[in-house]
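Novice: Dropping the structure in here first, questions after.
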Amino acid sequence: MNDEQLWQHVCSQSPLPLPTDATCSFARTTVDKLKADLALNEQLTYRFIRPLPVPLLTLNGLDDSLIDTFRLNEWRAYTSVGFQSQCMPGGHFFFKRDFPRFYSILLTLFSEQGS
């Protein structure tokens, strides 16, 4: 993507209103930082770590175009105890669509872990 396309993508994914002008100071600074993060990410080498003795929960929006839902199960390899994965209606910011449901899932999980 060029800078204009990248900024428009950021705007389309943001739950906050952003200036649409990719040449404004805020957009330029944000795009520069995002490009630096993406360049750093390209250099990362992933290695498997020993599973942690903590339960993991993955939550994702069913319409989230940024992640493949089936890939969430890959997190299972990083815990030696419980793993749960749930999808909720909505996109990348699904928790804003139905916050009470999102919060209820977390409360239920935490209360089960405390028992």
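Laboratory data are not the source of any read-out in this text; all were calculated from the coordinates shown. If you're wondering where the values come from, they're calculated on a predicted model, not measured in any experiment. Here the Cβ positions follow ideal geometry from the backbone for every residue, glycine too, while neighbour counts run over all protein chains shown.
Novice: Pairing the Cα long axis of helix 25-43 with the longest principal axis of the chain, what angle in degrees results, from 0 to 90 and rounded to the nearest 10?
Specialist: 50 degrees
Novice: I need to check one value: relative contact order of the range 56-114, counting alpha carbon pairs closer than 8 Å and at least 6 residues apart, in percent.
Specialist: Over the range 56-114, the number comes to 41 percent.
Novice: If you don't mind, there's one more thing I want to ask. For the residue pair ILE105 and ARG28, what label-to-label distance in nm results when each label sits 7 Å from Cα along the Cα-to-beta-carbon direction?
Specialist: Inter-label distance under the simple model: 4.1 nm.
Novice: May I pose another question? Based on a Kirkwood Rh over C-alpha pairs, give the Stokes-Einstein translational diffusion coefficient of the range 20-66 at 25 °C and viscosity 0.890 mPa s in µm²/s.
Specialist: It comes out at roughly 167 µm²/s.
Novice: Let me ask something additional. How far, in nm, would the chain grow between SER14 and LEU44 when pulled straight, counting 0.36 nm per residue and subtracting the alpha carbon separation?
Specialist: 8.3 nm
Novice: Could you work out the equivalent-ellipsoid semi-axes for the range 3-43, taking the square root of 5 times each eigenvalue of the Cα gyration tensor, largest first, in whole Å?
Specialist: 18, 11, 8
Novice: Sticking with this one: Using alpha carbons only, how many degrees (0 to 90, rounded to 10) separate the axis of helix 99-114 from the longest principal axis of the chain?
Specialist: Rounded to the nearest ten degrees, it is 40.
Novice: First select every other residue whose beta carbon is under 13 angstrom from the beta carbon of TRP7; then total the charges, Lys and Arg +1, Asp and Glu -1.
Specialist: -1
Novice: Can you tell me the relative contact order of the chain? Whole percent, Cα pairs under 8 Å, sequence separation 6 or more.
Specialist: 21 percent
Novice: Same structure again: I need the Kirkwood Rh of the chain: take the reciprocal of the average 1/r across all distinct C-alpha pairs and report it in angstrom.
Specialist: 17.0 Å
Novice: In addition: Taking every alpha carbon pair in the range 56-114, what does the distance histogram look like in 5 angstrom bins from 0, in percent?
Specialist: Calculated P(r), rounded to whole percents: 4, 18, 26, 23, 20, 8, 1.
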